[in-house]
1. Quick check, is Leu185 within 26 Å of Ala214 (Cβ to Cβ) and either surrounded by 15 or more Cβ atoms within 10 Å (Cβ to Cβ) or among the hydroxyl-bearing types (Ser, Thr, Tyr) (or both)?
2. Going by the conditions given, is Val193 hydrophobic (A, V, I, L, M, F, W, C) and at pLDDT below 95?
3. Examine segment 26-43 for a residue that is modelled with pLDDT of 85 or more, among the β-branched types (Val, Ile, Thr) and either loosely packed, with under 15 Cβ neighbours inside 10 Å or under 16 Å from the mean Cα position of the chain (by Cα) (or both), and state whether such a residue exists.
4. Find the residue count for segment 115-133, including only residues that are among the polar types (S, T, N, Q) and either buried (at least 24 other Cβ atoms within 10 Å of the Cβ) or at pLDDT 90 or above (or both).
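The values are calculated or read from the model by the stated rules, or taken from the named source; none is laboratory data. Quick caveat: nothing in here was measured; it's all calculated off a predicted structure. Cβ placement follows ideal geometry from the backbone for every residue including glycine, while neighbour counts extend to all protein chains displayed.
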Amino acid sequence: MTPDVRNLLRHLRVPGLAYRDFRAAAPAPVRRTEQRQGVVTIGLVSLVPSVGRTALCANLIRAFAQAGARAGAVDVDPKGALTAWFGSEGRDPSGCIEHLALERDVLLVDTGSPPPADVLSEADELLVVARPDATCLAAVPQMEALLVRTRMRSWRKPRARWLVNAFDGRRRTDREVLAAMRRALGPRVLATVIQEDRALHDAFLEHRAVRDLAPAAQVVADLDALAKELHPGGRATERHAWVE
């Protein structure tokens, strides 16, 4: 079934909230004394399809682990690519919401394009994924307008930062688009960019982490740097976001 994203994300912030999918098997109860506060959710969003959001989400889980965070992801994309990537390990979070706060420090939410309003309004932080091309650059004003409207309805007013994916510094257009985004968005464009690397694509098709397929690849170092930028020092007070 489709997860109730709003209740899921609100429960992670308020572990005492009682919420259950009554069509799913009831999990064992979690004692309040076992529950942890501080799980932070990051919604990976974009208006433009095929920007590499799902492959990044799958591989960021491993990168967060390297940074000292217990990470996972929730797949709310109707295409279900992330769930398919995890295969038999995939789980519908609606049946085990009470356990998420115990299992994870970081919860990544992989969305479709356009992203659902629940993720935009309820995630602790939004990571807008964009490729360094004219289509993504042209979508910046529309995405910013959508974020402003969402923040006006959200008491949390989630932060939104931008990540440039599949960047090749040898291409003049990539450099120019990155510079234009930084002029338009300032420090909200993350310092880390993800280099274009065939290894990431190949690993995703094989349902493997790129770290296992090509551990020395530049994209692995980029993912590690991104995890540290989103989760500096692995500190519990700055944790970011579940599916598996």
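1. Answer is no for this residue.
2. Spelling it out, it is not the case that Val193 is hydrophobic (A, V, I, L, M, F, W, C) and at pLDDT below 95.
3. Scanning segment 26-43, I find at least one residue that is modelled with pLDDT of 85 or more, among the β-branched types (Val, Ile, Thr) and either loosely packed, with under 15 Cβ neighbours inside 10 Å or under 16 Å from the mean Cα position of the chain (by Cα) (or both), so the answer is yes.
4. The number of residues fulfilling the criteria is 0.
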